[in-house]
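The values are calculated or read from the model by the stated rules, or taken from the named source; none is laboratory data. Remember, it's a predicted structure, so these values are computed and weren't measured experimentally. Every residue, glycine among them, receives a Cβ derived from its backbone with ideal geometry; neighbour counts consider all protein chains shown.
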Amino acid sequence: MSEERLAECGHWRAEGDSIVCGLCPQGCRIAEGGTGICRVRQNRGGRLVSLNYARVTSAALDPIEKKPLYHFHPGAQVLSLGTFGCNLSCRFCQNWQISQGSPEGQTLSPDGAIQAALDTRGRGNIGIAYTYSEPIVWFEYVRDTAALAHEVGLKNVLVTNGLIEEEPLEELLEVIDAMNVDIKSMSDDFYQRLCGIKSGEVARRTVERAFGRVSVEITNLLVTDENDSEDEVRQLTDWAAGVSPDLPLHLSAYRPAYKFEAPPTPPERLARAVEIAREGLDYVYAGNVTVPGASDTICPECGVAVVERHGYSTVSKLNADGRCPKCGGDVNVVV
């Protein structure tokens, strides 16, 4: 890899001959020449460098709903960029080819990303989404690119597992406009056995710190017989409602992938999970399935569908200020 792709990382400290990374709760201790669990932050000559800075392995102009974000500029497009590497090793990873692999991709500087986003404004693009793999391990590139995006009026979207320490999170919250955080389970055992980290507490803390400052939605992939029990859905709902009943929740159907061969989420189990979640949350959506009405945004005051979705085709009936056209109620949508 050429030296031009390297950039010095933030959030680390030297301890003897090793470096301790302070970006995420893994807290990797990295010897000379080694990398952290993410595989993209390397101790090189006593400094921590990013091996994936400006290295884009996936790029597409996507509907904002694909992130999924249903309460942030419905119907818009967003330039979606991803790299390789992840601070988890989920056995059921749906994007394992880039999160756990090392595809070459292309070099795209922050300035280049901004120009690509500006070039697609005429196609409905509102900004840049950092997605596909885990953008937290792309921290320096995301931070630098997002700052430039704001300078030219572009929005920034983060699709993340939320496992980031407080100081770097605060840096990102200065430049991120919306985020979808993947809450994999309410069980630490689930994170330990299937994801390669001792706890998901930090992911929940990320949601709690970000909600009200940026537009936040959460996703829970219902892995068959692992985190899809009624009891766990209730735990997730109770926690999310404690953040706010307005916090949108996407309950997504799992399909076998990577190193996990459990059967797909049974449709009736997903439907029951949605039913339970709606007892405590105003906005609950079913993902990775085609169910009429499961993706519509419903006004909690009067029950009218204010945003209708058919696949990635979106029809918004919202007022210009993002309120319900029938009753004028606030539906927590940024338009």
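Below is a table of values for the structure above.
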{"quantity": "Test result for residue 228, surrounded by fewer than 17 Cβ atoms within 10 Å (Cβ to Cβ) and either touching a helix residue (DSSP H, G or I) at 6+ places or on another chain (Cβ under 9 Å) or not polar (S, T, N, Q) (or both)", "calculated": "no"}
{"quantity": "Checking residue 128 against (1) touching a strand residue (DSSP E or B) at 6+ places or on another chain (Cβ under 6 Å); (2) part of a loop (DSSP other than H, G, I, E, B); (3) surrounded by 22 or more Cβ atoms within 10 Å (Cβ to Cβ), the condition it does not meet", "calculated": "(2)"}
{"quantity": "Cross-chain or 6+ apart pairs with Cβ under 7 Å, segment 198-216 first and part of a loop (DSSP other than H, G, I, E, B), then surrounded by fewer than 20 Cβ atoms within 10 Å (Cβ to Cβ)", "calculated": "198/188; 198/192; 199/188; 200/188; 213/173"}
{"quantity": "Residue check, residue 189 over 13 Å from the mean Cα position of the chain (by Cα), loosely packed, with under 15 Cβ neighbours inside 10 Å and farther than 19 Å from residue 78 by Cα", "calculated": "yes"}
{"quantity": "Residue identified as in contact with a helix residue (DSSP H, G or I) (Cβ under 6 Å, 6 or more places away or on another chain), surrounded by 13 or more Cβ atoms within 10 Å (Cβ to Cβ) and either closer than 24 Å to residue 170 by Cβ or small (Gly, Ala, Ser) (or both) among 50, 18", "calculated": "50"}
{"quantity": "Counted residues, segment 23-47 - those being touching a strand residue (DSSP E or B) at 6+ places or on another chain (Cβ under 8 Å) and either surrounded by fewer than 19 Cβ atoms within 10 Å (Cβ to Cβ) or of a type outside the set (Gly, Ala, Ser) (or both)", "calculated": "16"}
{"quantity": "Among the candidates 325, 264, residue that is free of Cβ contacts under 8 Å to residues at least 40 places away in the same chain and either in contact with a strand residue (DSSP E or B) (Cβ under 9 Å, 6 or more places away or on another chain) or assigned to a loop (DSSP other than H, G, I, E, B) (or both)", "calculated": "325"}
{"quantity": "Residue ranges of strands (runs of 3 or more DSSP E) in segment 42-92 with at least 2 members under 23 Å from residue 213 (Cα atoms) and touching a residue at least 40 places away in the same chain (Cβ under 8 Å)", "calculated": "77-82"}
{"quantity": "Residue match in segment 286-302 (condition: more than 19 Å from residue 217 (Cβ to Cβ), part of a loop (DSSP other than H, G, I, E, B), in the same structural domain as residue 183 (by TED's automatic domain parsing) and under 21 Å from the mean Cα position of the chain (by Cα))", "calculated": "no"}
{"quantity": "Given (1) under 24 Å from residue 23 (Cα atoms); (2) buried (at least 19 other Cβ atoms within 10 Å of the Cβ); (3) of a type outside the set (Lys, Arg), number of the condition residue 78 does not satisfy", "calculated": "(1)"}
{"quantity": "Every residue from segment 207-225 that is more than 12 Å from residue 251 (Cβ to Cβ) and in contact with an Asp or Glu (Cβ under 9 Å, 6 or more places away or on another chain)", "calculated": "209, 211, 214, 215"}
